[in-house]
Amino acid sequence: MSGLETRELVIDVPGRADGAALTLAVEPGQMWGVLGPNGAGKTTLLHTLAGLRSPRRGDIRLDDQPLASHGRRQVARRLGLVFQDSQDGFPATVRETALIGRHPWLSPWQMEGGEDLRLAEAALKRLDVAHLAERLVSTLSGGERQRLAIATVLTQAPRLWLADEPTNHLDLHHQTAVMSLLAEQAAQGRAVMMCLHDLNLAARWCDQLLLLYPDGEACWGPRESMLVPEVLEQLYGQRLATAWVDGAPVFVPAR
């Protein structure tokens with residue numbers, strides 16, 4: 001199967017007993033939202049799926065092969081990861097940072113070519129940071145850094161996106177622009193799995209949801225079966241009030 005698949009996967013959260021074993025498939029065209037309170041393991045799950053952390057047990061398969069059997073360059077050609085926050089490893093401009101997304105496609109010591117630059121410039125324009133191309137990343141705001149991180153993965157052109165809080169630091173306009181971009185990626189046959197704190201973004205944009213509980217338990221399935229007030233109230237430990245806006249449910253904390 002083309003995509004990402006887990007088989008009896010248990011992520012390794014220190015100090016927590018084994019929870020639910022995850023057996024699921026993230027298939028081309030799908031938009032997965034991972035929901036849960038702080039400490040439930042959302043980031044740990046994404047890093048495990050990307051091969052940056054080892055699971056406690058279980059298997060991860062990428063394009064029908066064990067993830068560990070792929071070299072890191074091959075993984076990076078298929079899978080892109082948007083971190084929740086970015087760190088400055090060394091001084092670099094916005095354009096230079098976006099071009100890092102092309103490195104999996106280049107041979108060792110090969111310089112970026114015209115097509116690589118075109119892809120980077122298009123991604124910067126799409127994420128509304130092209131006007132910052134000559135700026136040092138260290139001078140950017142949090143929202144600008146986040147849009148650059150997403151532009152870098154767009155330049156990378158993976159078939160599977162793993163995004164940890166992709167709307168982190170973003171204003172409403174750029175939140176909508178980023179979610180529209182991810183939905184476009186899915187519509188073009190790629191797969192998207194993202195951790196979200198905003199329940200309403202998940203309700204509006206995702207077609208599959210994975211709910212992670214602090215004790216390690218989990219449930220997953222189509223959006224319609226997961227967006228049940230009683231289930232979400234148990235997930236967050238918070239009563240919710242529900243309304244419908246433009247054909248989608250909206251959840252707000254109840255008094």
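The values are calculated or read from the model by the stated rules, or taken from the named source; none is laboratory data. Quick caveat: nothing in here was measured; it's all calculated off a predicted structure. Cβ atoms come from the backbone with ideal geometry, glycine included; neighbour counts cover every protein chain shown.
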Worksheet item: Within the range 13-36, can you find the residues that are part of a loop (DSSP other than H, G, I, E, B) and modelled with pLDDT of 95 or more?
Response: Ala21, Glu27, Pro28, Gly29, Gln30, Gly36
Discussion item. I'm trying to understand the selection: among the residues of the range 12-28, which are among the aliphatic types (A, V, I, L, M) and either touching a residue at least 60 places away in the same chain (Cβ under 8 Å) or in contact with a Phe, Trp or Tyr (Cβ under 7 Å, 6 or more places away or on another chain) (or both)?
Written reply: Val13, Ala17, Ala20, Leu22, Leu24, Val26
Worksheet item: For the range 94-132, how many residues meet the condition of being farther than 26 Å from Ser180 by Cα and among the hydroxyl-bearing types (Ser, Thr, Tyr)?
Response: 1
Discussion item. Between Val153, Val178, Val129, Val192, which is within 22 Å of Asp85 (Cα to Cα), touching an Asp or Glu at 6+ places or on another chain (Cβ under 8 Å) and β-branched (Val, Ile, Thr)?
Written reply: Val129
Worksheet item: Got a sec? Which of Leu79, Leu45 is under 15 Å from Leu22 (Cβ atoms), at pLDDT 95 or above and hydrophobic (A, V, I, L, M, F, W, C)?
Response: Leu45
Worksheet item: When you go through (1) in contact with a helix residue (DSSP H, G or I) (Cβ under 8 Å, 6 or more places away or on another chain); (2) within 21 Å of Arg73 (Cβ to Cβ) one by one for Leu124, which number turns out not to apply?
Response: (2)
Response to the item:
The condition from (1) modelled with pLDDT of 95 or more; (2) in a loop (DSSP other than H, G, I, E, B); (3) surrounded by fewer than 17 Cβ atoms within 10 Å (Cβ to Cβ) that His173 misses is numbered (2)
Worksheet item: For the range 206-226, what are the residues that are buried (at least 21 other Cβ atoms within 10 Å of the Cβ) and more than 22 Å from Ala50 (Cα to Cα)?
Response: Met226
Worksheet item: Checking Gly189 against (1) touching a residue at least 40 places away in the same chain (Cβ under 8 Å); (2) crowded, with 20+ Cβ neighbours inside 10 Å; (3) more than 14 Å from the chain's Cα centre (by Cα), which test does it fail?
Response: (2)
Discussion item. For the range 55-105, give me each residue that is polar (S, T, N, Q) and either in a loop (DSSP other than H, G, I, E, B) or closer than 30 Å to His169 by Cα (or both).
Written reply: Gln84, Ser86, Gln87, Thr93, Thr97
Worksheet item: Are any residues in the range 9-22 exposed (fewer than 14 other Cβ atoms within 10 Å of the Cβ) and over 17 Å from His47 (Cα atoms), and if so, which ones?
Response: Gly15, Ala17, Asp18
Response to the item:
Of the residues in the range 97-116, those that are of a type in the set (A, V, I, L, M) and under 14 Å from Val153 (Cα atoms) number 3
Item to complete: Can you give me the number of residues within the range 43-80 that are surrounded by 15 or more Cβ atoms within 10 Å (Cβ to Cβ), farther than 26 Å from Leu196 by Cβ and small (Gly, Ala, Ser)?
Response: 0
Item to complete: Kindly indicate the residue of the range 128-161 that is under 24 Å from Met193 (Cα atoms) and of a type in the set (Gly, Ala, Ser) and also surrounded by the most Cβ atoms within 10 Å (Cβ to Cβ) among those meeting that condition.
Response: Ala151
Worksheet item: Residues in the range 206-220: is at least one charged (D, E, K, R) and either within 19 Å of the chain's Cα centre (by Cα) or part of a strand (DSSP E or B) (or both)?
Response: yes
Worksheet item: Within the set of pairs 6 or more residues apart or between chains, which connect a residue that is touching a residue at least 24 places away in the same chain (Cβ under 8 Å) inside the range 158-173 to a residue that is buried (at least 20 other Cβ atoms within 10 Å of the Cβ) and among the polar types (S, T, N, Q) with Cβ atoms less than 7 Å apart?
Response: Trp161/Gln185; Asn168/Gln146; His169/Gln146; Leu170/Gln146
